[in-house]
Each structure stands twice: as structure tokens, then as C-alpha cells.
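Encoded as C-alpha cells, the structure appears first; notes follow it.
The values are calculated or read from the model by the stated rules, or taken from the named source; none is laboratory data. Worth saying up front: this structure is predicted, and the values here are computed from it rather than measured. Here the Cβ positions follow ideal geometry from the backbone for every residue, glycine too, while neighbour counts run over all protein chains shown.
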Amino acid sequence: VLVQRFSGDTGRPLLDGTNDRAGVLDRIVQARADAYAECHATLDTSVMTQAQLLAAIDALVKARPLAMPLGTRTYPIHVGRGTLAERSARELDRLHASSVVVVSDENVRTYARAATERSKRRAIDVTLTPGEANKTLAAVETIWNAALDARVDRGALVLAVGGGVVGDLAGFAAATLLRGVAFGQIPTSLLAMVDASVGGKTGFDRAQGKNLVGAFHQPSFVIVDLDALATLPERELVSGLAEVVKSAWLTGEEDVRALEVDASALRARDGAALERAVRRSIATKIAIVAEDEHELGVRAHLNLGHTLGHAFEAASGYARTHGESVALGLVAAMRIGVALGDARAEDRDRMARLLATLGLPVDVDGALAETRVASFLASDKKRVDGTVRFVVPGRPGAVRMEKLETARIMALARV
Ligand SMILES: NC(=O)c1ccc[n+]([C@@H]2O[C@H](COP(=O)([O-])OP(=O)(O)OC[C@H]3O[C@@H](n4cnc5c(N)ncnc54)[C@H](O)[C@@H]3O)[C@@H](O)[C@H]2O)c1
Ligand SMILES: [Zn+2]
């Protein structure tokens, strides 16, 4: 088509002076394949009038599509309400999945059913026992076995429908099954929507610690249906909001302000407010992962509030949720930011006020007083020679990394 269209054209610097126009065009298209693959949507203009085309573009812009731009591995992240069943069927068709291994847990089976009810593809259901305690190799084996017993081939797709535990397990099973099959994410917890489902980290826990064995394996799509949050227990919803706050602080003033405005609507599970918060958090995660997929640099910023957060979580014997622990970790990190001159006292107080309004704990003194926090901090998996690369927060949008000794972290957080 291109050769025909350009025949007789001159003044095309890339094509003038060659007899092999088809070859040159071929190489140009090849070289640009990565960039073309990152576009959010494709419209077939040959079958549209100009008016139809304008309407289609308008509809696309209004749908505000999100995508993770990773060259030919680019994938869409659909955010909507009441869209799960239809979106899922469309994605499974687009990818021509030969069969679908649907992984969920006992609390989210209705969503797993909805994910394949409109699709004609063969579904193999795997229902896991809920909870972080079950994020084990045994659960991965359950998925492997169900898929292998059903004799799936390499065209199969593993579909995670659930919270971050289901997503991490299903993702790892997909990365390893038959040396890697396609993978789709339908997150149903707020934490999984804004964090775990996007970015391709998968894995499971070992006795030595959380997430110690895993693989990078990007999904082929993510479908976020905010209606799923209707059944999420209150404590889980509030916990997810801690990651939303973290994400907003990484991004900047506009996102933090938006959360402050929406705080009570979020607590009341207002659909529009949740959609705004989820979209902003995902956009932040996309920007960071697109720049640093394998966490060699800026992706480590996502650990804001997590160094002390993980220690608070472990020290409570996991009685605190991850999100509650991160909330405490964020306030403690702000104290350190103030002590190091990055943040002002008013930034620290603003962070604590926002978290408290959202229903999260902020009593850092109480948490720091717990006996085991220092020893858990000293055994942080990202520690090297007694120091941790700590994410030091300043004002919204300003964070940096600094190597700090764990004893110094404790001392600075106690001020
Ligand atoms: N891969 C990543 O990048 C990444 C990032 C952050 C966290 N994680 C992982 O995510 C996990 C935490 O995720 P989580 O908080 O979603 O935990 P989870 O998967 O355990 O879900 C929390 C609880 O809510 C239930 N649930 C989920 N959605 C529900 C719904 N719509 N209605 C009713 N109940 C529902 C689950 O069954 C579970 O009991 C951790 O294991 C963490 O390591 C991974
Ligand atoms: Zn987290």
C-alpha cells in the first residue's frame, strides 16, 4: 500500500535516490514497530468517512485509555465500572487464547465466573485458599497441576481474578508454565488495582521472607472494574488507600490535593472518586515502570514508606495489614525527610492528616516502641552492609534515595 501511495512522489528524503523503495519502507516499518506498538488504539480509516473517523477519535479520547508502553509488549489497562464480563471476553478473543486458566480465591469466585461467562473459550477454574499465608509454592503447584491435567498448550492464558495474592501467584505460574504463557489481570482489591496488577512482578513467599522467589512477567492486559470494590471488606479498602496516598505523594501537588478533596467520598466508596484515585495511581505506576521495568533505578521510589512499613508489618506478626503498616511507614519517612531537611514540618503533618482522614493509623511512636521493629528493619531484604537505600520524601513530587544505616533510620524516625 505504501509503495503504491508514494509512487511518483518526490521530496521524500528517506525514499529519494533508491530503487528499492519497498525494501526501504519495509525497514522503516520494522524499525518503528516498537513505537507503533505503544499506541493506545488503532482505527481502520479505510472503512470510515471523515465524520465517522472524528466521532471514533472523540470516543477514544473520552474513554481515556491507559496503556503500559513497553514496545511490542505494550498492554492496555482498562478502567471502568460494570465492564468486567464484556472487557474480559473481548481481550480473550483479541489474544486468541486456546484455553483460559482462571485463578481466583474463595472470596472472589463471582468475579472469576463473570470473567469467562461471555467468552466461548474453554475455561479451567482454579480456586485458591485466600490469604497471604497461602502465597506459597504449593499454591503455584495447584495452578500448574490444574493446567497440565487439562493438557493446555502454549496458546493458553492464565487469568488472575482477585487481590494481589492471586495476581502474584497466577503471574508466576504463567511465567513458568510451559516456559511461559500469556497472562491477564483482573484485580478485585483496591491494592491490586492501583499497585500489584500493573508492572509484571510475580512470585510467592518463603519461610525466610515475603516475595523472595519470583519472576518478571508482564500481563497482556489489565481490567479494572471498580464495581468489584463493593464487596471488598472495609479494612482492605482503607488499606489500599495507603498505596494511593504513597502514589500521589510521588507524583506531586495536584494528586495530593485531589485526594484531600476526595477523602470523604473515597471512604464512602463513591464510584467517581474511586475511579479518579485509581486512574491517577495507575498513571503514576505506568510512568515509573515504563522508565525502569526491572527496578534498577526510579522504580525503587515505589518503596516510599515501605522500609519501615515492612518492619511494622512483621513486628505486629502481620496483625496489621500491609496498607496500615505502609501508612505508619509513610509518616515515619516524613519525619526522616524533615530531619534530613528535605521536607517541612507542615508536609509531615499534611501527610499524617490525609492518612488519618482516610481511616489509616498514624501513631508512629506507638509502632516504633514495639520491641521487634529494629530487628526486622535490620533484616530488610534490600539491606546491604547494615545500610538500606531509603526513599527520603520531601514536598509532594520530590523524593530521593539515600543510603542510611538502619540504626540511624530508627533514631531519625523517633524525633
Ligand atoms: N506484584 C506487585 O507488584 C505487588 C505490588 C504490591 C503488592 N503485591 C502483593 O499483593 C499482596 C497483597 O494484595 P491484597 O491486599 O490484594 O491481598 P489479598 O489478595 O490477600 O486480598 C485481600 C483479601 O481481600 C479478599 N478480596 C479481594 N478482592 C475482594 C473483593 N472484591 N470482594 C471481597 N473480598 C475480596 C481476598 O480474598 C483476601 O482475603 C501481597 O502479597 C503483596 O506482596 C504485589
Ligand atoms: Zn505496598
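Worth pointing out:
- Residue count for region 1-21 satisfying the condition of being surrounded by 10 or more Cβ atoms within 10 Å (Cβ to Cβ) and either part of a helix (DSSP H, G or I) or not polar (S, T, N, Q) (or both): 10.
- Single residue of region 76-98 satisfying the filter (loosely packed, with under 15 Cβ neighbours inside 10 Å and in a loop (DSSP other than H, G, I, E, B)) that is farthest from the chain's Cα centre (by Cα): H96
- Residues satisfying the stated conditions in region 382-400, i.e. aliphatic (A, V, I, L, M) and either surrounded by 15 or more Cβ atoms within 10 Å (Cβ to Cβ) or within 18 Å of R372 (Cα to Cα) (or both): V388, V391, V392, A398, V399
- Filter result for S281 (in contact (Cβ under 8 Å) with a residue 12 or more places away in the chain and crowded, with 19+ Cβ neighbours inside 10 Å): yes
- Candidates V213, V198, V194, V222 - the one that is in contact (Cβ under 8 Å) with a residue 40 or more places away in the chain and within 8 Å of ligand 1 (Cβ to nearest atom): V198
- The sole residue among G305, G309 that is surrounded by 18 or more Cβ atoms within 10 Å (Cβ to Cβ) and free of Cβ contacts under 8 Å to residues at least 24 places away in the same chain is G309.
- Leading residue by the ranking (modelled with the lowest pLDDT) among those in region 362-411 that are within 27 Å of the chain's Cα centre (by Cα) and farther than 29 Å from D255 by Cα: K381
- E243 within 16 Å of ligand 2 (Cβ to nearest atom), under 12 Å from the mean Cα position of the chain (by Cα) and at pLDDT 95 or above: yes
- Taken across region 313-323, residues that are farther than 26 Å from S379 by Cα, within 16 Å of ligand 2 (Cβ to nearest atom) and in contact (Cβ under 8 Å) with a residue 40 or more places away in the chain do not occur at all.
- Only a single item in (1) within 16 Å of ligand 2 (Cβ to nearest atom); (2) hydroxyl-bearing (S, T, Y); (3) more than 13 Å from the chain's Cα centre (by Cα) is not met by T176, and it is number (1).
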